[in-house]
Structure formats: structure tokens, C-alpha cells
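S.K.: I have a structure I would like to understand better, so I am pasting it below and will then ask my questions one at a time.
What follows draws every value from the coordinates through simple rules; no lab data is involved. Source: prediction; values computed, not measured. Please note: Cβ atoms are built from the backbone with ideal geometry, for glycine as well, and neighbour counts cover all protein chains shown.
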Amino acid sequence: MASPIVTLSFTEATQKRRTIRALDSKTTVPDSTIVKLAEAAILTVPSAFDSQTTRLTIVFGEEHKKLWSITADALLARIGEERWNGGTKDRIANFAGAYGTILFWDDQSGATAMKEHSPDIYKDKTDEWVQQSNGMHQYYLWTALEAVGLGVNLQHYNPLIDAEVQKTWNVPSDWKLKAQMVFGAPKEGSAPGPKPQKLPLEQRLQVFGESVLN
Ligand SMILES: Cc1cc2nc3c(=O)[nH]c(=O)nc-3n(C[C@H](O)[C@H](O)[C@H](O)COP(=O)(O)O)c2cc1C
């Protein structure tokens, strides 16, 4: 049997997942491993009515830099020099300095088909379900990439960049961009502190009927 890509347990991997924004233009695993994880996400993550509407685009190295150059141009044109130089420029340069980005899309024709074919009582819910499945793909890959030693953060420059990105990488026009997941080797000292909790667990989790015997 092929050796597993991720060797942490599910619980260990989910506990390790955090937002890491200080990233190097280096990787901890071959690009093919990252592609395999993306393939596994597409093949295994659930979707409503098994509609399978999430789409992914991975850009590595120079293609990743191109994505953040497109984002820089679009943002500068939108917010003007003053705001651009007031922090946004550095923020985008920081993302550009990472190793790669995964773009998460919703396939609009798949979403429309699910709505058309679903029973009437679900028609007002299918759009939300498409987004939920996309979010599950994001969580899968965020967790998996950090489990192989990469640092990851999640960004949202859609829809500002959609058209230029679609033109650049020949992305079908009915895919709608939902998120950009930036990854790279974490810089020294980038490990986050303990995860702060806004409310105690008992205000966020209800449990009824739990047996004390098992
Ligand atoms: C749906 C969603 C949207 C997010 N959007 C952004 C974003 O646009 N930019 C960003 O830097 N972080 C974004 N984040 C990261 C959150 O700020 C981060 O997950 C949160 O502060 C908790 O920190 P942790 O990831 O270390 O647990 C997003 C996270 C989620 C789940």
C-alpha cells in the first residue's frame, strides 16, 4: 500500500490547523503531494445531493506570484495610491512571498442544476449548501496542508479579481471564486499562541442524553 501523505491522526491534524500569515516561498513537501491532497478533497468531501460543485485551481511558484500581482493591480485601481501605500501593499506583498495558492470556486451550472432538480422544499437552501460544501473543501485542505508542515491562511479578494484570474488560467466562466488559500513553509517564529476562545465551552456546546457507562 502507498504510504499515507498525512501521518497525524485526525484530531492532531485539526488541533494543529491555525492561520499562519508569515510564510516563505518554500515548501515542506513536493508539489505533487499538494496536488494529491487537492485531488483527495475533490474526490471525498461531501456535497448536498452529491452535487460536487466545488472546483479548485492550484498555482505554484511564478504562477502564484502572478496571482498576487493581478490582485495588487486590481486593488490599487480600486482603492487608490493612498490606501494602497497605507498597509495594503505590504499585505499583498506578504501573500506574494508565500509558495502557492489554492483558489476555491463554485461551479454555477452545477449549483443551478441542483436547484432545478431538488424538491420544492429545498430550493431556497441549495445555494447555502453549495457554499457549505465549498467551506468543507477549504477546511479539509487547510488542515491537510498544515498537517504536512505548511503554513496556511485564507483570503477573499473575490469578486474583484475573478475576471482577470479566469482569463489568465483559462478558468470556465461559470465558476465563481469563493476564497484564496495561501500556503508556504512557515517562517521562523510564526507559530501562533494558544487559540483564544470568546465564550466558555458550555455556552457553545449542548449535550443531552450522554451515557456515563460507555
Ligand atoms: C470563513 C472564513 C473567512 C476568513 N477570511 C479571512 C480573510 O479574508 N483574511 C484573513 O486573513 N483571514 C481570514 N480568515 C481566518 C480567520 O481570521 C481565522 O481563522 C480566525 O481568526 C481564527 O484563527 P485560526 O485560524 O488561527 O484558528 C477566515 C476564516 C474563515 C473560517
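S.K.: Roughly how many debye, to the nearest 20, is the charge dipole of the chain about its Cα centre, given +1 on each Lys and Arg Cβ, -1 on each Asp and Glu Cβ, and no other charges? Don't jump to the answer; show the numbers that get you there.
M.R.: Values: 23 positive and 25 negative charges, 116 e Å.
Its charge dipole is roughly 560 debye.
S.K.: Here's something else I'd like to know. Which longest uninterrupted range of the chain lacks any trypsin sites (Lys or Arg not before Pro) assigned by DSSP to a loop state (not H, G, I, E or B) and surrounded by at most 15 other Cβ atoms within 10 Å?
M.R.: On the way: sites that count: LYS26, LYS123, LYS125, LYS198, ARG204.
With a cap of 15 other Cβ atoms within 10 Å, the longest stretch comes to 27-122.
S.K.: What number results when the radius of gyration of the range 124-214, computed over Cα atoms, is divided by 2.2 N^0.38 Å?
M.R.: Details: Rg = 18.8 Å, N = 91, 2.2 N^0.38 = 12.2 Å.
Dividing the Cα Rg of the range 124-214 by 2.2 N^0.38 Å gives 1.54.
S.K.: What's the local net charge at ILE42, with K and R +1, D and E -1, over the other residues with C-beta under 14 Å away? Display every interim value, and only then the final one.
M.R.: Working: positive: LYS36, ARG55; negative: GLU39, ASP50, ASP106, ASP107.
Its environment carries a net charge of -2.
S.K.: Relative contact order, percent, of the range 10-203 when contacts are C-alpha pairs under 8 Å separated by at least 6 residues?
M.R.: Values: 291 pairs, mean separation 72.2, N = 194.
Reported as a whole number, the value is 37 percent.
S.K.: Loop sites only, by DSSP: take the GluC sites (Glu not before Pro) in the chain that have at most 15 other C-beta atoms within 10 Å and name the longest stretch containing none of them. Write down the numbers at each step before the final one.
M.R.: On the way: sites that count: GLU188, GLU210.
It runs 1-187.
S.K.: Longer than 20 Å from Cα to Cα, which of LYS16/LYS195; LYS125/LYS178; LYS16/LYS176 are they? Say none if no pair is. Before the final figure, lay out each step's value.
M.R.: Values: LYS16/LYS195 10 Å; LYS125/LYS178 18 Å; LYS16/LYS176 30 Å.
In this structure, LYS16/LYS176 lie more than 20 Å apart at Cα.
S.K.: Let me ask you something else. So which residue, out of ILE34, ILE42, ILE79, gets the largest mean-square fluctuation from a GNM of the chain using Cα contacts under 10 Å as springs?
M.R.: Evaluated over the chain, the most mobile residue of the options is ILE79.
S.K.: Rg and Dmax of the chain, using alpha carbons, in Å: what are they?
M.R.: 19.2, 65
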